[in-house]
Amino acid sequence: MKYAITAATGHFGQTAVNELLKLTDRHNVIAIARNVAKAKELLPQGIEIRQADYADATAMTTALQGVERLLFISSQPGGAVARDVQHQNVVKALAAANVKFVAYTSFPNAQNATSALAGDHKITENAIKNTGVAHAFLRNNWYLENEIGFLQNGAADQVAAYWASGNAGWALEREFAAAAAKVLTLSDPQEVYEFAGPAHTYADLGAALKQATGNDFTVKQVTAAEYQAGLEAAGLDTNTAALFTSFQAPINDGSLNEQTTDLQTVLGHDLTALPDAIHEILSRN
């Protein structure tokens, strides 16, 4: 059985590769990366590395030859080639290469979510369905690592500000990646997994951050405009500050408010407790 993982040099991809190696022999694992030299530096020895870019459907088709099961890691928006076009290229390639199964990292409740981030994922899910290829949609909630600014402020005993009301299903990125690798090897996977940690508010996150650091800082909700102004005052340009501010929009609009145990079920154990997960992230930075 030949397994392949796209975008293998990203944080998610690297973790997924290493987790997959715990489940199958390294000779069964293919890493697909845009930069082969970088992949050789970052990934374990003994696995096959193939070059392909989401912008090049022909190269991706070649890279997927002989692959039976594929982990298709979604790209980031804002690239030179639109994300929906990149994803369509990968879908066309996996169908042309006769891949038997694809697990795709998607967005929570992608078919019905109103978040601007969901649109490309809905298009990609539908494109995969239309190929007739067996599939699993891994609808990942929110990586706790996305909140590094909030976490670092509390760790520095400064005000930890946020603007979004609502809940997020925060969990460590490595936990989402480990679950993705596990699904890739399952003989009878579900069609859809809603992967999320327990639903928490920013107030909950602040309390866990206080527990993790032992600091007694202020956790403060502000308006989105005030939040952006604070980022600009800290030195970010207007466009970057607006982008960072927008990261909380899916929490505020309810897109990440889920009650699901799919992530724990696939992993076979409880998720890392929020204070411990925060400590782990802060220890890396």
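The values are calculated or read from the model by the stated rules, or taken from the named source; none is laboratory data. Given the structure is predicted, the values throughout are model-derived calculations rather than measurements. When we count neighbours, we look across all protein chains shown, and the Cβ atoms used for this are built from the backbone with ideal geometry, even at glycine. Please note that ligands, DNA and RNA were not included when accessible areas were found on the heavy atoms of the full protein model with its side chains. Shrake-Rupley method; radii C 1.70, N 1.55, O 1.52, S 1.80 Å.
With all pairs of separate Cα atoms included, segment 44-131 yields a Kirkwood hydrodynamic radius of 13.6 Å. In this structure Thr218 has an accessible area near 80 Å², from a 1.4 Å probe over the protein heavy atoms. Each other residue within a Cβ distance under 9 Å of Thr124 adds +1 if Lys or Arg and -1 if Asp or Glu, for a net charge of -1. Relative contact order, whole percent, for segment 1-132 stands at 22, derived from Cα pairs under 8 Å and 6 or more residues apart.
Accessible surface of segment 184-259, 1.4 Å probe: 50 percent of it comes from carbon and sulfur atoms. Taking the accessible area of segment 70-168, probe 1.4 Å, and keeping the other protein chains in place, the carbon and sulfur fraction comes to 48%. For Met1, project a label point 7 Å along Cα to C-beta. Then give me every residue of segment 187-218 with its amide nitrogen under 19 Å of that point. Answer for segment 187-218: 187-193. May I ask you to list the residues of segment 167-189 whose amide nitrogen lies under 12 Å from a point 7 Å from Cα along the Cα→beta-carbon direction of Thr265? Zone members listed by number: 189.
Positive end of the dipole of the chain (Cβ unit charges, origin at the Cα centre): among Leu70, Ser165, Asn126, the Cα lying farthest that way belongs to Leu70. Among Leu71, Leu43, Leu184, the largest mean-square fluctuation in a Gaussian network model of the chain, built with springs joining Cα atoms closer than 10 Å, belongs to Leu43.
Beta bridges from DSSP with both residues in the chain: antiparallel share about 5 percent, rounded to the nearest 5. Rolling a 1.4 angstrom probe over the protein heavy atoms with all chains in place gives the chain an accessible area of 45 Å² per residue. Straight Cα distances below 25 angstrom link Lys40 to the lysines Lys2, Lys22, Lys182, with same-chain residues fewer than 8 positions distant left out.
Around Ala242, under 14 Å between beta carbons, what's the net of Lys plus Arg minus Asp minus Glu among the other residues?
-3
Spin-label model, Thr58 to Asn35: label points 7 Å out along the Cα-to-beta-carbon direction sit 2.5 nm apart. Each residue, Ala249 and Leu236, gets one label point 7 Å from its Cα in the Cβ direction; the gap between the two is 1.4 nm.
With the dipole of the chain worked out from charges on the C-beta (+1 for Lys and Arg, -1 for Asp and Glu) around the Cα centre, which of Val99, Phe137, Asn35 lies farthest toward the positive end? Going by the Cα projections, it comes out as Val99. Among the listed options (1) 13.7; (2) 22.0; (3) 14.5, the one matching mean projected area of the Cα convex hull in nm² as calculated from these coordinates is (3).
Using a Gaussian network for the chain with springs between C-alpha atoms less than 10 Å apart, which of these wobbles most: Gly78, Gly46, Gly230? It is Gly78.
Taking Glu226, Glu173, Glu147 in turn, the Gaussian network model of the chain (Cα-Cα springs below 10 Å) assigns the largest fluctuation to Glu226.
Annotation for segment 8-66 versus segment 220-284: alpha-carbon center distance of 28 Å.
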